Structures are given as structure tokens and as C-alpha cells.
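J.: Have a look at this one before I ask anything.
Just so it is clear, none of the values below were taken in a lab; they were calculated from the coordinates. Source: prediction; values computed, not measured.
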Amino acid sequence: METFLKIQQLNPNLLNSSMSNKTISELMAIDINSLNGINRGIATYDNKGRKVMTEYYSDIIDGLIIRKTFTDVLESGKLTAIHLKIEWFTNIGTAVEKNLVLKFSDFDIYKLLIKRRKNVIDYLLYQGSLSSIANDYDTLFDHLNSGINSWVNTGKVTKFNTLINDTSNIEIVNLLAIEVEPSVTLKDYLISYIN
């Protein structure tokens with residue numbers, strides 16, 4: 001049996017007056033953006049460009065108010081939907097959760113996968129801009145550009161692998177051989193993201 005907690009347990013100051021008598025279940029059906037004083041935190045992405053979590057905080061009370069967790073649903077290895085878990089935290093730290101499965105058309109999945117691959121490239125470019133090889137990162141990405149674009153748009157890594165394994169340009173070979181972490185070269189690092 002579902003436990004109906006009055007919404008005041010979250011904090012009555014967070015609610016529009018028309019929502020003050022709603023249960024947690026009723027509130028979970030409402031758009032989060034319509035709640036007073038709740039602000040979206042930074043979304044968390046994995047190294048494949050997938051959004052895995054978003055947290056919401058309050059400017060009225062301290063602490064986490066809402067957490068959304070996203071998990072891929074695969075059928076025969078193919079992305080078909082996203083499982084969304086929404087957790088609402090009360091003022092005593094307990095959570096009430098709702099689980100949804102968000103289904104997508106094939107075309108929407110195609111667009112989502114392109115967006116994820118673009119997120120990976122944006123992240124790698126950002127990391128490169130902060131690294132000790134920031135001045136040479138443009139040179140490296142110019143060399144890999146057609147392979148990266150092919151991967152972003154199609155998901156295929158053949159062209160990228162050909163370019164990253166090309167030994168004809170010694171400047172690129174030397175850049176890719178730089179250790180970015182103990183026992184991890186830049187080449188290995190890039191391949192771990194683009195595959």
C-alpha cells in the first residue's frame with residue numbers, strides 16, 4: 001500500500017498555495033519548475049555522454065530536495081527507452097520515489113545518441129583546454145576531425161581508429177604518446193571515450 005505523506009513534510013514554503021494539500025504522489029505528477037524555490041543543480045554525465053543524474057536544491061531550506069536518475073533500457077543491445085527514477089526527499093531525509101519508463105521513437109533515439117556523442121566530444125575538448133597540452137589540442141583534433149565527425153553522426157569508429165593509429169605524422173604520434181594518467185596515454189584516453 002502506498003504511503004501518502006502530506007506535502008508539508010517537504011516544506012510548505014516550497015509550494016505554490018494551490019499545492020499545499022497535495023500528497024507526495026500528486027505532487028510528483030506536477031512539473032518541478034512550477035515549484036517555488038527549487039533550483040536545478042548540475043547534471044551528471046558518464047563518459048559516454050549519458051545524463052545519469054540531476055539533483056534539485058532549495059533556496060529556502062538546506063539540502064537535496066529532488067533527485068532524478070536516468071538509466072538506459074536496452075533490448076537486444078539497442079537503446080529503446082530510458083528508466084527515470086524520481087526521488088523526493090522529505091525534511092527528515094527520507095525519500096519517496098516514482099519510477100517511469102520513457103519510450104522513444106527510432107528517430108528520437110537516433111537524435112539522442114548523436115547528442116550523447118557530441119557531449120563526449122565537448123567534454124574532451126574542455127578537458128584538453130585545461131591540460132598541459134592545451135596549445136597542441138587543436139592540432140590533434142584537426143587531425144582527428146573527420147573521424148570524430150563520422151563517429152558523432154553515425155556511431156561508427158572505423159575512420160577515427162584509422163586516424164588515431166596513423167603513424168605518418170610524428171607530431172600527432174608524440175602527442176598521443178603523452179601520459180595523461182599513470183600508465184594511460186592520451187591515445188588510450190581518447191579511445192576509452194570514443195568507441
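J.: Assuming 0.36 nm per residue, please report the length gained on full extension of the stretch K98 to E179 beyond their Cα-Cα distance.
T.: Computed gain between K98 and E179 is 24.8 nm.
J.: Now for a separate question. Could you go through the range 97-114 in sequence order and give the Karplus-derived ³J(HN,Hα) for each residue, using 6.51 cos²θ - 1.76 cosθ + 1.60 with θ = phi - 60°, rounded to whole Hz, and x for Gly and Pro?
T.: Whole-Hz 3J(HN,Hα) from phi for the range 97-114: 10, 10, 10, 10, 10, 9, 8, 10, 6, 4, 5, 5, 4, 4, 5, 4, 5, 5.
J.: In the structure shown, do any of K51/K159; K98/K187; K78/K187; K85/K159; K48/K103 have a Cα-Cα gap over 30 Å, and if so which?
T.: Cα-Cα > 30 Å for K98/K187; K85/K159; rest within.
J.: With viscosity set to 1.306 mPa s at 10 °C, what whole-number translational diffusion coefficient in µm²/s follows for the range 107-193 from Stokes-Einstein and a Kirkwood radius over Cα pairs?
T.: 118 µm²/s
J.: From the Cα gyration tensor of the range 64-157, with a ≥ b ≥ c the square roots of its eigenvalues, which class applies: rounded if a/c is under 1.5, or else prolate if a/b is larger than b/c, or else oblate?
T.: oblate
J.: Still on this structure, I have one more. Which shape class applies to the range 150-195: rounded if a/c is under 1.5, otherwise prolate when a/b exceeds b/c and oblate if not, where a ≥ b ≥ c are the square roots of the Cα gyration tensor eigenvalues?
T.: Taking the square roots of the gyration eigenvalues as a ≥ b ≥ c, the range 150-195 is oblate.
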